[in-house]
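Worksheet: one structure, shown below.
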Amino acid sequence: ADGKVCLYTHQGADLIADITAWYPAGSPYTPVVPERFLDTRFGMQIGYAGAKPGKGQTVEIDVTGVGTTMVPDDAQAVVLNVTGVSATKTGHVTVYPCGSQQPNASNLNLDQGGTRPNLVITGIGVGGKVCLYTHEGADLIADVVGWYPAPVAP
């Protein structure tokens, strides 16, 4: 209501907060049954063919008009559960609309060899695509869990 977010730590800590998405008041969220649109793991690949994404690699995924969730072509944003698996080094993943400048922010921070998920809201880019950039290389999983429509003029 007032545009503020509260962050709490039990003990002293440095905090970083990256604003990676927002939606206008009154934009209805449309939840969907989660559907996997991307899996880069060997033998489990969905929406991807090739070796594990490497350092500095960007993977593009189609999120509109595909699968059983059928995010509409005119949707403005998509809600994803993004998971990084078996990172080659400690690093991060940045999720953003394809065709736009890659932001200097992380959506998912990874430990070497670990698995870490995070909920991400991102705009949908050119051709209905979302880009996932991996800083140090990691297998990537992305499940669509919902979407937001484009704003309607009053």
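Quick note: the coordinates plus some simple rules give every number you see, no bench work behind them. These figures come from a predicted structure and were not determined experimentally. Cβ coordinates were reconstructed from backbone atoms using ideal geometry, including for glycine residues, and neighbour counts include every protein chain displayed.
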Trypsin sites (Lys or Arg not before Pro) restricted to region 48-154 and DSSP loop, no more than 14 other C-beta within 10 Å:
Lys55, Lys89
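Can you give the relative contact order of region 62-123 as a percent, counting alpha carbon pairs under 8 Å and 6+ residues apart? List each step's numbers first, then the result.
On the way: 107 pairs, mean separation 23.5, N = 62.
Contact order relative to length: 38 percent.
With the cut-off at 1.5 for a/c, could you classify region 99-139 from its C-alpha gyration tensor as rounded, prolate or oblate? Walk me through the intermediate numbers first.
Numbers: a/c = 2.22, a/b = 1.96, b/c = 1.13.
Judged from the Cα gyration tensor, region 99-139 comes out prolate (a/c at least 1.5, a/b above b/c).
Would you please calculate the Kirkwood hydrodynamic radius of region 47-116 over all C-alpha pairs and express it in Å, rounded to one decimal? Let's see the in-between values first.
Values: mean 1/r = 0.0721 Å⁻¹.
Roughly 13.9 Å, rounded to one decimal.
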Treating the Cα atoms of the chain as identical point scatterers in vacuum, please give the log10 of the normalised Debye intensity I(q)/I(0) at q = 0.18, 0.20 Å⁻¹, two decimals.
-1.11, -1.30
Please tell me the relative contact order of the chain in percent, rounded to the nearest whole number, where contacts are Cα pairs under 8 Å and at least six residues apart.
34
Post the alpha-carbon centroid distance, region 83-142 to region 48-62, in whole angstrom.
10
Here the cysteines of the chain without any disulfide-compatible Cβ partner under 4.7 Å are Cys6
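Return an integer: the convex hull volume of the alpha-carbon atoms of region 71-154, in Å³ per residue. Let's see the in-between values first.
Details: hull volume 7.8 nm³, N = 84.
For region 71-154, the hull spanned by Cα atoms encloses 93 Å³ per residue.
Would you check the chain for Lys pairs whose C-alpha atoms are within less than 21 Å, ignoring same-chain pairs closer than 8 in sequence, and give me the count? If you can, show how the numbers build up before the last one.
Numbers: Lys52/Lys89; Lys52/Lys129; Lys55/Lys89; Lys55/Lys129.
So the count of such lysine pairs works out to 4.
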